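One structure is given here, and the rest of the page talks about it.
What follows draws every value from the coordinates through simple rules; no lab data is involved. These numbers come from a predicted model, not from an experiment. Here the Cβ is made from the backbone with ideal geometry for all residues, glycine too, and neighbour counts use every protein chain on show.
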Amino acid sequence: MSDPVLIWVICALAVTGVILRPFGWPEAVWAVLGAAALLALRLIGPQEALAGVADGTDVYLFLLGMMLLSEVARLEGLFDWLAAVATNHAQGSPTRLFLAIYGVGTLVTVFLSNDATAVVLTPAVAAAVRAARAKEPLPFLLICAFIANAASFVLPISNPANLVIYGERMPPLLQWLPQYALPSLAAIVVTYFFLRLTQRKALRQEIASAIPVPALTASGRTAALGIVLTGIVLLAASGLGWQLGPPTAAAGLLTTVVVLVRERRNPWHVVRDISWGVLPLVAGLFVLVAALDKSGLIASLAAALKAEAAGSEIAAAWTTGLATALAGNVMNNLPAGLIAADALHIADLPERFTRAVLIGIDIGPNLSVTGSLATILWLAALRREGLHVGAGAFLKVGVVVMPPALLAALALALL
């Protein structure tokens, strides 16, 4: 078996492990095992692997900051307070609670990223449905996963995958908005309509109309302020063209230190509950993509894209967006985005191809539970809350919700 073919086989097996989690092992184990196998068989050198890991530095820092913010907010009761306020605002109406959570999820995704929605909002929604004594919590929890992807290209900061797609060619904010405002709005509205449609029976349940609202401590308010300020910092960093990882990590660390010092709390209480496994997962995926690049796969994809674009450019852009969306579900949208970004750079195609790829990478993962890093983080957050959503149950909803949202967004972006 030739080296390129062996690389493809190992990467395929590793990604399959990430998606299916055989033996119940965490997703990170399979990504790291794949990277280790490539090194052990000398299919990729240590320097190449380290370079691949280093490529993800901005993503690691971004995730670290968001996970710190989430854990501090949870520890200081911010989520419980938000849950009680949201439940009382719904006044016993499950559909009103559904809309309120969808609106909050949209704002969190737009200004703090889709990963923040998975990490920060999911525990709050879980607390809300417990407080509301909802017999079927799934409709409300699904919001966190679906809006995290549907609203993830309103701004450059709304999804770390946007940074991967554009890299150093990220357009300024005032250029981004005219390109993506209408497609984003379409994705958000269409996703809401079809998600609500799939959950219409479950939303006929009864929920509590009034529950006691716990007092929000000073440290809880500090955590909330830290989250708001982080959003402002990220928006400013995006406008200035800075990398988003360092300011996010700094904001998360600063908020954590302030709260811990104020409460004289042991840092271990924060450190022990963070989902650290997501960092080696991302690192392993970056190494797999570096190996695929070495195998010549990305160069072949670039050549195929260029040949397709030589015919009908619009048709080729449509095909690219749809294929990218499906690829994100097969191999997770982060490695799919890395591969697509490299292929686009080599092929040197018009801007509409980048828009098609970005929309496919951002919305496409709403088809399956392992389509995006945000959805994997959502699953991890649910497991921490003692909740579980199976791949089949998610796919049953995703196959109804994702395609119309993807087609609407692509139509507005390309036509």
> Hey, which lysines would be in cross-link range of LYS306, C-alpha to C-alpha under 23 Å, not counting anything within fewer than 8 residues on its own chain?
Replying inline: LYS294
>> Let me understand the stretch 3-414 better: what is its radius of gyration from the alpha carbons, and its Dmax, in angstrom?
In response: 20.7, 66
> Taking the stretch 240-296, how much of its Cα-Cα pair set, in percent, is spaced more than 20 angstrom apart?
Replying inline: 51 percent
>> With angles folded into 0 to 90 degrees, how steeply does helix 373-384 sit against the dominant principal axis of the chain? Use alpha carbons for both and round to 10.
In response: 40 degrees
> Using only Cα atoms, what is the ratio of the radius of gyration of the stretch 266-415 to 2.2 N^0.38 Å?
Replying inline: 1.18
> What value, in deg cm²/dmol to 500, does the helix sum -39500 (n - 2.57) over DSSP H runs of n ≥ 4 give at 222 nm once divided by the residues of the chain?
Replying inline: -24500 deg cm²/dmol
> Any idea which of LEU395, ASN114, GLY277 is furthest toward the positive side of the dipole for the chain, if Lys and Arg beta-carbons carry +1 and Asp and Glu beta-carbons -1?
Replying inline: LEU395
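Using the Cα centre as the reference, give the magnitude of the dipole from point charges on the C-beta atoms of the stretch 122-248 (Lys, Arg: +1; Asp, Glu: -1; all else neutral), rounded to the nearest 20 debye. Mind dumping the intermediate values first?
Values: 9 positive and 3 negative charges, 100 e Å.
The dipole of the stretch 122-248 has a size of about 480 debye.
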> Tilt of helix 57-75 relative to the longest C-alpha principal axis of the chain, in degrees (0 to 90, nearest 10)?
Replying inline: 10 degrees
> What ³J(HN,Hα) values, in whole Hz, does the Karplus curve 6.51 cos²θ - 1.76 cosθ + 1.60 give for the stretch 192-201 when θ = phi - 60°, with x put for Gly and Pro?
Replying inline: 4, 4, 6, 5, 4, 4, 5, 10, 4, 5
> What is the spread of the Cα atoms of the stretch 161-252 along each of their three principal axes, largest first, in whole Å?
Replying inline: 50, 39, 19
> Can you give the Rg and Dmax of the stretch 359-403 based on its C-alpha atoms, in angstrom?
Replying inline: 10.6, 32
> Against the longest principal axis of the chain, how steep is helix 351-363, in degrees 0 to 90 to the nearest 10, with axes from Cα atoms?
Replying inline: 50 degrees
>> Which one, LEU301, ALA90, GLY103, is farthest towards the positive end of the dipole of the chain when Lys and Arg carry +1 and Asp and Glu -1 on their Cβ?
In response: ALA90
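Where nothing but the Cβ of Lys and Arg (+1) and of Asp and Glu (-1) is charged, how large is the charge dipole of the chain around its Cα centre, in debye to the nearest 20? All intermediate terms of the calculation are to be shown ahead of the outcome.
Details: 24 positive and 22 negative charges, 267 e Å.
With Lys and Arg at +1 and Asp and Glu at -1, about 1280 debye.
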> Looking at VAL289, VAL257, LEU322, which one has the Cα that reaches farthest to the positive end of the dipole of the stretch 231-352 (charges on Cβ: Lys, Arg +1; Asp, Glu -1)?
Replying inline: VAL257
> Would you list THR324, THR57, THR256 from fewest to most Cβ contacts within 10 Å?
Replying inline: THR57, THR256, THR324
